[in-house]
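See structure below.
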Amino acid sequence: MKLLRAKDYNDMSREAAKLIAAQVILKENCVLGLATGSTPVGAYKQLIEWQKKGELTFAKTVTVNLDEYCGLPATHAQSYRSFMRENLFDRIDIRPENTHLPNGAAADPEAECAAYDARIEAFGGIDLQLLGIGHNGHIGFNEPDEHFTMPTHRVRLSADTRQANARFFEGDPSGVPEFAITMGMRHILQAKKILLVANGAQKLAVLDRALGGPVTPHLPASLLQLHNDLTVIVTE
Ligand code: F6R
């Protein structure tokens, strides 16, 4: 594992953007695994800036996102599809058809999950997976549980997660969808490289436990200890 200490959020974002840009430059048709949430927004801003300056192109890049809320149509303001459009996709030269998220409004979520895994497999897996981490140690929406779930699956969001994400739903945790579809641990762990970004003291504390303690499904991020190309960027 490589641990980089950034002096602040901007520094963290720039370092993360550099690694993502390097991946896109090295392999223009790479598959990027992307995350939503507050933490990666600064890195996305930096990538947008470099793309606008012509230093980078996403014309051949494919993206697969980690997760999507169930029950929200893709056009809903708080869907992760909308989030990604607003914070990245609509502001770079990526082809919309190359951007993939689970369909949270699918009538048959199980079939949607299987199809999402099949799509990732057809791409040959993920070259670089960007991750944030939840206060409860979740990655994607792989919530603390008695076991790790390997395939993409529908998950009931924990009370912690709904509380943490209430800020996007007028501060009301009951407004946060109860279920989501998340990429499972298999495709996250099979990504050739993983880049995890964490900002702030609370995140540092959970990361410490995840990367320094036992590997346990009670702290899903702990499984990342088994990955052999993991870079973690934290703010001091
Ligand atoms: C989002 C995701 C989540 C977030 C995590 C941290 O796609 O997969 O695991 O990365 O909840 O969220 P923030 O960055 O908002 O603290």
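Every number here is computed from the coordinates shown, using simple stated rules; none is lab data. Computed from a prediction, not measured in an experiment: that's the story for all the values here. Reconstructed Cβ throughout: ideal geometry from the backbone, glycine too, with neighbour counts over all protein chains shown.
Considering the conditions (1) surrounded by fewer than 23 Cβ atoms within 10 Å (Cβ to Cβ); (2) free of Cβ contacts under 8 Å to residues at least 40 places away in the same chain; (3) farther than 25 Å from Ala201 by Cβ, Cys30 is excluded by exactly one of them, (2). For the stretch 149-160, indicate whether the set of residues that are assigned to a strand (DSSP E or B), without any contact (Cβ under 8 Å) to a residue 40 or more places away in the chain and away from the ligand (no atom under 14 Å from the Cβ) is non-empty. Yes, some residue in the stretch 149-160 is assigned to a strand (DSSP E or B), without any contact (Cβ under 8 Å) to a residue 40 or more places away in the chain and away from the ligand (no atom under 14 Å from the Cβ). If you go through the stretch 65-104 and keep only what is in a loop (DSSP other than H, G, I, E, B) and not aliphatic (A, V, I, L, M), you end up with Cys70, Gly71, Pro73, Thr75, His76, Gln78, Ser79, Asp93, Arg95, Pro102, Asn103, Gly104. Whenever a residue of the stretch 67-82 is more than 23 Å from Ser158 (Cβ to Cβ) and touching a residue at least 12 places away in the same chain (Cβ under 8 Å), its partners that are among the charged types (D, E, K, R) and within 12 Å of the ligand (Cβ to nearest atom), lying with C-beta atoms within less than 6 angstrom and at least six residues away or across chains, give the pairs Ala74/Arg81. His76 fulfils the conditions (1) crowded, with 18+ Cβ neighbours inside 10 Å; (2) farther than 21 Å from Val232 by Cβ; (3) within 16 Å of the ligand (Cβ to nearest atom) except for a single criterion, (1).
Could you say whether any residue in the stretch 33-41 is assigned to a helix (DSSP H, G or I) and either β-branched (Val, Ile, Thr) or within 13 Å of the ligand (Cβ to nearest atom) (or both)?
Taking the stretch 33-41 and keeping what is assigned to a helix (DSSP H, G or I), we get 41.
Filter once more, keeping what is either β-branched (Val, Ile, Thr) or within 13 Å of the ligand (Cβ to nearest atom) (or both): 41.
Looking for residues that are assigned to a helix (DSSP H, G or I) and either β-branched (Val, Ile, Thr) or within 13 Å of the ligand (Cβ to nearest atom) (or both), one finds at least one in the stretch 33-41, hence yes.
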